[in-house]
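**Student:** What follows is a single structure, and I will ask about it in a moment.
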Amino acid sequence: MLGSTKFVCKNIWKLFGPDAEKFLTKNPNPSLEEIKQAGLIPAVRDANVEVEEGEIFVIMGLSGSGKSTLIRCMSRLIEPTHGELMLDGVDLRNISDKQMIEIRRHKLGMVFQHFALLPHLNILKNVAFPLTIQGVSVREAEKRAEQVIELVGLKGYNKSYPRELSGGQQQRVGIARSLAVEPELWFLDEPFSALDPLIRREMQDEFLRLQAMLKKTIIFITHDFDEAIRLADRIAIMKDGKIIQIATPENLILNPADNYVEEFTKHVSRAKILSVKSVMSSTLCDSEEEVDGSAKIVDVAEQIVATKTPIRVVQNGQAIGSIDAKKIIEILVKQV
């Protein structure tokens, strides 16, 4: 169960080039062609996002789609050309630089693809570093650092240096350092993309474990759809600086907004994403066997295919429909 709205990105534009603000004032909703004719680069176009408290909101797209620029606009590492950024009802674009620095220090966490660890500091001091910047005493900062180092599975590495750790371990340090300030809103920009596939999978597992405990509000950037569907509550797909569709992974598969989204999701394993209730028949049956409507197809396919007659689909103890082997085989064949 997600909470109330934590962060709102409203009508955000980022155009690179001379007089971009003046251009947008004269042309509040320009086309892609009009922007290019004006000699401007359309990095982000009219982005609208609402992120719920405790949600993992994934933004994805191909290289150059604008996803990394958007997340930098959200955190004001890059200043948007136009739009509003509301954190707990406060417009981040209407506060002073000093206030923004304080919000970054105390409310925002950021993890990027490049770990940016300080090579001359050991792991304990790397993780404690953002706390010492806040003015926290060294003793208290290191006590908190020890807690989050253990949380990310690196207990015993306090005195090690970044060069002595593997890529996956270094990324864990980056995550621990970001968590040390106990952020309310956590930005992650392709944090696992530089890792080998096996380590990347392990880091995704670790990330989900941490989220199950901490319930952070997270905006996560990736270009990998398999990673997105594994982590996300909802996904925004971008193209040419514009958000094409925002939906759950399941709805992206079942109801793509256009051919681009459909192509994007084409090679994803539907059985891993689709729930039984999303593909069942509404016709009830009297089978003694049953499956839960919220179960993923991949988890119950063997049971259903082994049964020659339709199986009851139940939700909260109530029959809501039926499903048979034919439907399951159809889904499995589509992903081959």
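Every read-out reported here was derived from the displayed coordinates using simple, explicitly stated rules and does not represent laboratory data. This is a predicted model, so every value here is computed, not measured. Because the Cβ atoms are built from the backbone with ideal geometry, glycine has one as well, and the counts that use them run over all protein chains shown.
**Student:** What are the aspartates and glutamates whose alpha-carbon lies under 15 Å from the alpha-carbon of K143, with same-chain residues fewer than 8 places away excluded?
**Tutor:** Correct list for K143: E182.
**Student:** Return one number: the angle in degrees, 0 to 90 and rounded to the nearest 10, between the long axis of the Cα atoms of helix 325-334 and the longest principal axis of the Cα atoms of the chain.
**Tutor:** The angle comes out at about 40 degrees.
**Student:** Specify the angular offset, from 0 to 90 degrees and rounded to the nearest 10, of the alpha carbon long axis of helix 138-151 from the longest principal axis of the alpha carbons in the chain.
**Tutor:** 20
**Student:** For the chain, state the semi-axes of the equivalent ellipsoid (square roots of 5 times the eigenvalues of the alpha-carbon gyration tensor), sorted largest first and rounded to whole angstrom.
**Tutor:** Sorted largest first and rounded, they come to 38, 29, 18 Å.
**Student:** Just need the Rg to Rh number for the stretch 271-334, please, alpha carbons only, Kirkwood Rh.
**Tutor:** 0.91
**Student:** Shifting gears a bit: Would the stretch 188-336 count as rounded, prolate or oblate if I go by the C-alpha gyration tensor, calling it rounded below 1.5 in a/c and otherwise prolate when a/b exceeds b/c, oblate otherwise?
**Tutor:** The shape class here is prolate.
**Student:** Let me ask something additional. What pairs in K14/K216; K159/K272; K125/K215; K155/K216; K266/K326 have C-alpha atoms more than 30 Å from each other?
**Tutor:** K159/K272
**Student:** So if each residue of separation counts as 0.36 nm, and I subtract the Cα-Cα distance between D233 and K155, what length gain in nm does that give?
**Tutor:** Numbers: separation 78, 0.36 × 78 = 28.08 nm, distance 3.01 nm.
Length gained, D233 through K155: 25.1 nm.
**Student:** To test your reading of the geometry: what angle, between 0 and 90 degrees and rounded to tens, separates the Cα axis of helix 123-133 from the longest principal axis of the chain?
**Tutor:** Long axis of 123-133 versus the principal axis of the chain: about 60 degrees.
**Student:** Which percent, to the nearest 5, of DSSP beta bridges fully inside the chain are antiparallel?
**Tutor:** 55
**Student:** A further question follows. For a Förster distance of 22 Å, can you work out the FRET efficiency between the beta-carbons of K98 and V8, rounded to the nearest 0.05? Working shown, then result.
**Tutor:** Details: r = 23 Å, r/R0 = 1.04.
In this case the efficiency is close to 0.45.
**Student:** Now, a different point. Which distance in nm do the two modelled labels at R163 and K242 give, with both placed 7 Å along the Cα-to-Cβ direction?
**Tutor:** My value for the distance between the label points is 5.0 nm.
**Student:** Neighbour counts of other C-beta atoms within 10 Å: give me D97, D224 arranged from fewest to most. Present the calculation step by step, with values, prior to reporting the outcome.
**Tutor:** Values: D97 8, D224 16.
The fewest-first ordering by Cβ neighbours comes to D97, D224.
**Student:** Here's another thing I want to ask about it. Taking the Cβ of each residue in I253, I218 as the centre, tally the other Cβ atoms inside 10 Å and list the residues starting with the fewest.
**Tutor:** Lowest count first: I253, I218.
**Student:** Which residue fluctuates the most in the chain, going by a Gaussian network model with Cα springs under 10 Å, if the choices are I243, I221, I35?
**Tutor:** Top of the fluctuation ranking is I35.
**Student:** How big is the Kirkwood radius of the stretch 161-219, worked out from every pair of different alpha carbons and given in Å to one decimal?
**Tutor:** 12.1
**Student:** Right, something else. Using label points projected 7 Å from each Cα along Cα→Cβ, tell me how many nm separate K272 and D91, to one decimal.
**Tutor:** Roughly 4.2 nm, to one decimal.
**Student:** Let me ask you something else. Between D196 and N29, what length comes free when the chain is fully extended (0.36 nm per residue of separation minus the Cα-Cα distance, one decimal in nm)?
**Tutor:** Going from the current span to full extension adds 55.9 nm.
**Student:** Here's a follow-up. Report the full-extension gain for the segment S282 to E21: residue separation times 0.36 nm, less the Cα-Cα distance, to one decimal in nm.
**Tutor:** 88.7 nm
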